[in-house]
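Notes follow the structure.
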Ligand SMILES: N[C@@H](CCC(=O)N[C@@H](CS)C(=O)NCC(=O)O)C(=O)O
């Protein structure tokens, strides 16, 4: 199967998770959303709604993540509940997710992270956040006494809105989806402690190390036995069309690299 998607799309990600958990042979087709590909006539010919995700399985083309999730579970007999009643319960939560949860999260995230600050409509983000708070409370209360959203096992209802929890429960997930294994350099390694100390001096603040997923390209060095850590300015609007960093962060970073290299090479 082919899934039209892009990295920032949570709706596509749900489908990628379901395809992976259901052991489906699938491949991603990248859609250049941030350069307007979803609005082109060529893409509209695939999905008149101009949205990602789109799943293509032979002659079948499907859009809407809830429908795609249902298709994957129906076709594979996995992740859809164990009875007709469970399946209805699954779908009840998938519909709720689309309307009250993901639908609001995605637009809030777009307004807050991807739209330039001067284009953000005043009042809309707090309104959305209020709606989200209510939705989080509903899901949180629902999960107070049960491990899964619907029925007695993982279903597409979980994949629809519990990505973080699922990722924690199924440690291999990132490897399957990203295609690489997680690895890290020991935080006590000299490379890490020297960079931490130099960064603290230059930035005049306490610098905290974190080990986190997803892995970066540094993992490729580590795989070759070369210790590597990541340190750099945090981009604003990461992965957006107008990514940028602050000049001071960038020049500080160059200074940190230089001082850390000198120290590690024994030159002062
Ligand atoms: N209800 C749809 C929502 C899909 C959706 O909003 N997709 C976004 C990317 S995550 C998109 O392609 N939006 C294009 C647009 O709004 O113009 C689903 O669950 O598939």
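The values are calculated or read from the model by the stated rules, or taken from the named source; none is laboratory data. Since this is a predicted model, take the numbers as computed values, not measurements. Here Cβ is always computed from backbone atoms with ideal geometry, including for glycine, and neighbour counts include all displayed protein chains.
Worth pointing out:
- Restricting attention to the range 59-96 and to residues that are assigned to a loop (DSSP other than H, G, I, E, B) and over 21 Å from the mean Cα position of the chain (by Cα), the residue that is surrounded by the most Cβ atoms within 10 Å (Cβ to Cβ) turns out to be 80.
- Boolean, residue 141 is under 21 Å from the mean Cα position of the chain (by Cα) and part of a helix (DSSP H, G or I): no
- Single condition residue 156 does not satisfy, out of (1) within 16 Å of the ligand (Cβ to nearest atom); (2) over 19 Å from residue 16 (Cα atoms): (2)
- Residue 27 farther than 28 Å from residue 86 by Cβ and touching a helix residue (DSSP H, G or I) at 6+ places or on another chain (Cβ under 7 Å): no
- Being at pLDDT 95 or above, under 23 Å from the mean Cα position of the chain (by Cα) and outside the structural domain of residue 243 (by TED's automatic domain parsing) is a description that does not apply to residue 46.
- Contacts under 9 angstrom Cβ, first residue in the range 37-58 being in contact (Cβ under 8 Å) with a residue 60 or more places away in the chain, partner surrounded by fewer than 10 Cβ atoms within 10 Å (Cβ to Cβ), 6 or more apart: none
- Of the listed requirements (1) under 20 Å from the mean Cα position of the chain (by Cα); (2) within 19 Å of residue 115 (Cα to Cα), residue 37 misses just one: (1).
- Conditions (1) within 9 Å of the ligand (Cβ to nearest atom); (2) surrounded by fewer than 21 Cβ atoms within 10 Å (Cβ to Cβ); (3) not assigned by TED's automatic domain parsing to the domain that holds residue 155; number of the one not met by residue 103: (3)
- Some residue of the range 7-27 being more than 12 Å from the chain's Cα centre (by Cα), assigned to a strand (DSSP E or B) and more than 9 Å from the ligand (Cβ to nearest atom): yes
- Single unsatisfied condition, residue 33 versus (1) more than 9 Å from the ligand (Cβ to nearest atom); (2) crowded, with 16+ Cβ neighbours inside 10 Å: (1)
- Evaluating residue 56 against the criteria (1) more than 14 Å from the ligand (Cβ to nearest atom); (2) surrounded by 21 or more Cβ atoms within 10 Å (Cβ to Cβ); (3) in a strand (DSSP E or B) leaves one unmet condition, (2).
- Residue under evaluation residue 95, criteria (1) within 24 Å of residue 25 (Cα to Cα); (2) modelled with pLDDT of 95 or more; (3) more than 9 Å from the ligand (Cβ to nearest atom), criterion not met: (1)
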